[in-house]
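Chemist: One structure, pasted below without further comment.
The values are calculated or read from the model by the stated rules, or taken from the named source; none is laboratory data. Computed from a predicted structure; not experimentally measured. Note that each Cβ is placed from the backbone with ideal geometry, even for glycine, and that neighbours are counted across all protein chains shown. In case anyone asks, the SASA skips ligands and DNA or RNA and just uses the protein heavy atoms, side chains included. Shrake-Rupley method; radii C 1.70, N 1.55, O 1.52, S 1.80 Å.
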Amino acid sequence: MSSAEKTKRFAIPIAAFALFLFGGWTLRNKLAADRQGEWVPVTRGDLVTGVEVTGVLAAIETDSLGPPQLPDVWDFKISMLAPEGLDVKKGRPVIAFDTTDLQHKLDDNRARADQAKKEIEKTRADLALRREDDRLQLAEAEGRRRKSAMKLEAPADIIGVKERKEVELENSLAKREVASITSRLASFERSSAAQIKLLESKRDVAETIVARAETAIRMMTVFAPRDGTVVYLADGRGEKKKVGDTVWKAWRVVEIPDLHRMKANGEVDEADAGKIAIGQRVTFRLDAHPDDEFHGTIVGASRTVQQQTGTKNPVKVLRVDIKLDRTDAAKMRPGMRFQGSVELARMRNALLLPRNAVFMTDRGPVAYRRGLISVDTIPLKLGHENDEFVEVKSGLTKDDRVLVEKNDSKSSEAKS
């Protein structure tokens with residue numbers, strides 16, 4: 001046999017085999033392209049079934065801040081607000097309210113207190129001068145009384161009758177003068193003391209008001225009671241306060257939550273309420289951080305279903321309290337919404353297939369398994385399932401590679 005014939009003899013089978021491989025590869029890739037999917041391995045793991053839970057995060061401990069509780073002050077005008085979302089340290093100013101009226105009251109009563117002090121000093125000075133003058137007059141009158149009294153004590157043969165009568169009159173006048181001066185001095189002392197007491201009372205009242213106004217002015221700046229993040233509180237109309245707004249004394253304007261200790265307030269649909277129990281595990285993802293998975297445990301549940309929070313729809317839900325396994329202060333904030341699942345059952349070491357790798361046909365569920373040179377249609381027997389995976393009872397083995405659609409739509413019938 002010539003060399004040309006030998007070459008031809010071996011070339012034909014090789015070409016046929018290559019065509020077969022190329023055809024299988026083309027068919028496999030065409031099928032994948034037609035279904036716009038990708039190939040993924042079948043895996044083993046825990047299949048968790050549960051019910052949906054949604055809700056919001058909340059701080060376990062938080063301080064709500066608003067106007068100071070001052071007597072006779074009901075309305076407060078905001079003059080400063082720390083930016084919402086700002087991380088603050090304990091003792092940093094968070095809110096300040098306008099102090100114009102308090103400052104006027106402070107200035108007025110300082111002036112009244114100063115005026116009362118000046119009047120007290122003047123009254124005391126006048127009293128000292130008057131007291132000194134009256135005491136001098138009293139001393140002179142006492143001197144005349146004693147002098148006349150000494151003359152009256154002299155023997156009758158030394159002083160004449162006429163002179164004696166004059167001395168007696170002088171003594172009587174001196175006594176009356178001493179009594180009058182003494183009475184006048186006592187009356188003046190009482191009057192001056194009352195006047196000073198009244199002025200001191202005015203001074204004390206003014207100084208008390210000054211002290212209260214100074215304290216009130218200091219209280220008009222509200223400081224952070226803890227390290228935390230500033231969160232604005234909405235009123236009944238859903239509006240948050242801003243600088244220049246007036247608030248009532250009982251309103252709370254901001255809160256400072258402890259971001260290192262968070263919890264989750266969840267809601268479960270009324271249809272699933274009977275499946276919920278204390279101690280069940282919860283897995284959830286934050287809307288703001290969908291790539292991060294968090295875990296917790298149900299520690300409390302309401303006794304009755306209630307209307308869903310923040311909606312006018314008549315949807316009834318069971319509210320549950322979820323204790324978090326950990327708090328991520330860098331990513332978690334009060335009010336962040338989450339979606340997750342309450343674990344009802346766990347199938348351990350199950351053979352798991354993505355839900356969008358299952359295709360429904362007239363013959364039942366199938367999967368498309370990639371072979372060495374072809375794509376095989378594999379009938380499946382399925383078990384439990386959740387939102388992501390299906391338990392495979394038979395048909396596939398671990399590490400088989402199957403076609404998964406990129407979208408959630410599934411083919412209603414399989415290609416043969």
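Chemist: Could you give the length gained on full extension between Asp227 and Val205, defined as 0.36 nm per residue of separation minus the Cα-Cα distance, in nm?
Modeler: 4.0 nm
Chemist: Note down the accessible area of Asp108, probe 1.4 Å, to the nearest 10 Å².
Modeler: So the heavy atoms of Asp108 present about 90 Å² to solvent.
Chemist: Can you compute 3J(HN,Hα) from phi for each residue in region 335-344, using the Karplus curve 6.51 cos²θ - 1.76 cosθ + 1.60 with θ = phi - 60°, rounded to whole Hz and x for Gly and Pro?
Modeler: Rounded to whole hertz, the list is x, 5, 8, 9, 9, x, 9, 8, 6, 9.
Chemist: Among the aspartates and glutamates, which fall within straight-line cross-link reach of Lys117, defined as a Cα-Cα distance under 17 Å, with same-chain neighbours fewer than 8 residues apart omitted?
Modeler: Asp107, Asp108, Asp126, Glu200, Asp204, Glu207
Chemist: Keeping all protein chains in place, calculate the accessible area per residue for region 171-277 (probe 1.4 angstrom), answer in Å².
Modeler: Here the residues of region 171-277 average 56 Å² of exposed surface.
Chemist: Report relative contact order for region 158-301 in percent, whole number only (criteria: Cα-Cα under 8 Å, sequence separation at least 6).
Modeler: Result for region 158-301 is 13 percent.
Chemist: Need one number: nm distance between label points at Lys240 and Asn265, each 7 Å from Cα along Cα→Cβ, rounded to one decimal.
Modeler: It works out to 1.7 nm between the two label points.
Chemist: Please list 3J(HN,Hα) in residue order for region 85-100, calculated via the Karplus relation 6.51 cos²θ - 1.76 cosθ + 1.60 where θ = phi - 60°; whole Hz, with x for glycine and proline.
Modeler: Result, ordered by residue: x, 6, 7, 10, 9, 4, x, 7, x, 10, 9, 9, 10, 4, 10, 4 Hz.
Chemist: Which ³J(HN,Hα) values, rounded to whole Hz and listed in residue order, are derived for region 358-375 from phi using the Karplus coefficients 6.51, -1.76 and 1.60 in 6.51 cos²θ - 1.76 cosθ + 1.60 with θ = phi - 60°, glycine and proline given as x?
Modeler: 9, 10, 8, 10, 4, 8, x, x, 9, 10, 9, 9, 7, x, 5, 10, 8, 10
Chemist: Quick one: Cα centre-to-centre distance for region 314-357 and region 197-219, in angstrom?
Modeler: Between the Cα centre of region 314-357 and that of region 197-219, the gap is 59 Å.
Chemist: Given a Förster distance of 35 angstrom, what is the FRET efficiency for Val299 paired with Ala330, based on the Cβ-Cβ distance and rounded to 0.05?
Modeler: Taking R0 as 35 Å, the efficiency between Val299 and Ala330 is 0.90.
Chemist: Then there's this: Using +1 on the beta carbon of Lys and Arg, -1 on that of Asp and Glu, and nothing else charged, what's the dipole of region 212-310 about the Cα centre, debye to 20?
Modeler: The calculation lands at about 600 debye.
Chemist: Another question about this same structure. Could you estimate the translational diffusion coefficient of region 173-277 from the Stokes-Einstein equation, with Rh from the Kirkwood formula over C-alpha pairs, at 37 °C and 0.692 mPa s, in whole µm²/s?
Modeler: Taking Rh from Cα pairs, D becomes 151 µm²/s.
Chemist: Now, a different point. Toward the positive end of the charge dipole of region 308-403, about the Cα centre and with charges on Cβ (Lys, Arg +1; Asp, Glu -1), which of Asn386, Ala357, Ser341 goes farthest?
Modeler: The Cα lying farthest towards the positive end belongs to Ser341.
Chemist: Which of Lys275/Lys323; Lys263/Lys393; Lys240/Lys331; Lys77/Lys105 have a Cα-Cα distance over 27 Å?
Modeler: Pairs exceeding the cut-off: Lys263/Lys393.
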